[in-house]
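**Student:** Sharing a structure below in structure tokens format, with a few things to ask.
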Amino acid sequence: GESFPYTFPNYEYHRFANGFEIILVENHTNPLVASVVVARTGLRNETPENNGVSHMLEHLTFNGTQRRTQKELYDELDYYGIYLNAQTSEDYTSYMALHHKDYLNQALDIMSDMLFHSTFPEEKFEKEKGIIVEEIRKDSENPDYQKELALRQDFYKNPPYSLPVIGTIETVQNMSRQQVVDYYSTFYSPGNMIALVVGDFNKAELLEYFSKYFGSTPAREIPKRLIAFQRTWPYFYRQEGENHRTLYLKLPAPTFNSAGFIPFYFFQSFALDGQTGKISQALKNNSELQIEEIQTSYEFHPEFGNLTLKIDYGNEVDPA
């Protein structure tokens, strides 16, 4: 009988004729707007030959467009106080602009210019490769990164998901500008994108700007790639540490699009959270197991998902 103590934000969904989608969440607390544009592509559309191209492209979109040199791009962002960043993952590449509400027009103009009209200047291509190779070198010297990659390769076995999102030194050094251009022209299409806009905006004005900058770009056919994944469950993987051992236990889980996603998400939070979850607490409280820490993570892709329990336990305990 108690009333629900939370109010969910009002949101609206729109889809333009070219397939570009947008979710609006109005919030007038601060005079700021966060505009996130997500291209539905990442590691899933790569091969061992062009591994790292999604991340490479994300870097290169900041190097200049048909209308703006790299310097003009950065000068304009600085002039309007627009924070712009990007991130590449297994299935998505996200571009996020945070800006004052008065500069929505400028932010969307710049983002659409980068996403649809980047030129990838030859003279900056090799320099950007060098920056990414250094990133990979730095990562590969990190023991945590090495362990994570070893686990990924053992679990997935096959490309694309067995590959590192950032690419390898070899694949990045051998990548041609044409490979990046081909990937960009194939997957950076408005019908393969969705935007989330949160903040202090006027809805009619916002839709007008999105229609101008994203809704008017012609749609292209996107190649569909279905990734089949089969394995025997549950999956166990052990790693030896100096003071303790780690056991990874993976179980099948719903994908984001499935009917079971929301119930599963609440179950995971209630039962398996490393700090407060009921099952995690029960395991930790069992003195025979000598469990030092439990962490859970949930990974989903369009076709499948999995839940990971990472359990650190004492060296003298039998993992079985």
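The values are calculated or read from the model by the stated rules, or taken from the named source; none is laboratory data. This is a predicted model, so every value here is computed, not measured. Here the Cβ is made from the backbone with ideal geometry for all residues, glycine too, and neighbour counts use every protein chain on show. In case anyone asks, the SASA skips ligands and DNA or RNA and just uses the protein heavy atoms, side chains included. Shrake-Rupley method; radii C 1.70, N 1.55, O 1.52, S 1.80 Å.
**Student:** Please label the shape of segment 128-242 as rounded, prolate or oblate, based on the square roots a ≥ b ≥ c of the eigenvalues of the alpha-carbon gyration tensor (a/c under 1.5 means rounded; beyond that, a/b larger than b/c means prolate, else oblate).
**Tutor:** Numbers: a/c = 1.99, a/b = 1.77, b/c = 1.12.
Here segment 128-242 falls in the prolate category.
**Student:** Simple spin-label model, 7 Å along Cα-to-Cβ: I23 to K203 in nm?
**Tutor:** 1.7
**Student:** Separate question: Estimate the FRET efficiency between K124 and Q146 by the formula 1/(1 + (r/R0)^6), using the beta-carbon distance for r and 51 Å for R0, to the nearest 0.05. Please list the in-between numbers first.
**Tutor:** Working: r = 30 Å, r/R0 = 0.60.
That pair, K124 with Q146, gives E of 0.95.
**Student:** Loop-only check: which GluC sites (Glu not before Pro) in segment 197-230 are DSSP coil with at most 14 other Cβ within 10 angstrom?
**Tutor:** Of the GluC sites (Glu not before Pro), the ones in loops of segment 197-230 whose Cβ has at most 14 other Cβ atoms within 10 Å are E221.
**Student:** I need the Debye-formula profile for segment 35-143: one equal scatterer per C-alpha, no solvent, reported as log10 I(q)/I(0) at q = 0.10, 0.13, 0.19, 0.24 1/Å, two decimals.
**Tutor:** -0.31, -0.53, -1.05, -1.39
**Student:** Taking a 1.4 Å probe, which of Y188, Y265, Y145 shows the most accessible area, and what order do the others take after it? Could the numbers behind the result be given before it?
**Tutor:** Details: Y188 5, Y265 115, Y145 50 Å².
Greatest to least solvent exposure: Y265, Y145, Y188.
**Student:** So, one more: Hey, what's the chain come to in accessible area per residue, 1.4 Å probe, Å²? Show your work: numbers first, answer last.
**Tutor:** Values: 17490 Å² over 320 residues.
That works out to 55 Å² for each residue.
**Student:** Same structure again: Calculate how steeply helix 122-140 sits against the longest principal axis of the alpha-carbon atoms of the chain, using the helix alpha-carbon long axis, and give the answer as 0 to 90 degrees to the nearest 10.
**Tutor:** Roughly 20 degrees, rounded to the nearest 10.
**Student:** Right, next: Which percent of the accessible heavy-atom area of segment 133-228 goes to carbon and sulfur, probe 1.4 angstrom?
**Tutor:** Values: 2600 of 5150 Å².
Its accessible area is 51 percent carbon and sulfur atoms.
**Student:** Also: Highest GNM mean-square fluctuation, the chain, Cα pairs closer than 10 Å: which of T255, T232, T246?
**Tutor:** Per the Cα network of the chain with a 10 Å cutoff, T232 tops the list.
**Student:** Label segment 220-277 by shape, choosing from rounded, prolate and oblate, from the square roots a ≥ b ≥ c of the eigenvalues of the Cα gyration tensor; if a/c is under 1.5 it is rounded, and otherwise prolate applies when a/b is larger than b/c, oblate when it is not.
**Tutor:** Values: a/c = 2.61, a/b = 1.46, b/c = 1.79.
Oblate is the answer for segment 220-277, as a/c is 1.5 or above yet b/c matches or exceeds a/b.
**Student:** Please report the spacing between the Cα centers of segment 161-220 and segment 91-118 in Å, no decimals.
**Tutor:** Centre-to-centre (Cα) distance: 10 Å.
**Student:** Moving on. Have a look at F300, F155, F236 and tell me which one the Gaussian network model of the chain (Cα, springs below 10 Å) gives the largest fluctuation.
**Tutor:** Comparing F300, F155, F236 in a Gaussian network model of the chain, the most mobile one is F236.
**Student:** Hey, rough spin-label estimate for S176 and E135, points 7 angstrom out along Cα→Cβ, what's it come to in nanometres?
**Tutor:** 2.3
**Student:** I've got another one for you. Lysine pairs in segment 127-179 8 or more apart or on different chains: how many have alpha carbons under 24 angstrom apart?
**Tutor:** On the way: K127/K138; K129/K138; K138/K147; K147/K157.
Pairs that pass both the separation and distance tests number 4.
**Student:** Taking the chain as a Gaussian network, where each spring joins two C-alpha atoms under 10 Å apart, which residue of G277, G52, G199 fluctuates the most?
**Tutor:** Most flexible of the set in this elastic network: G277.
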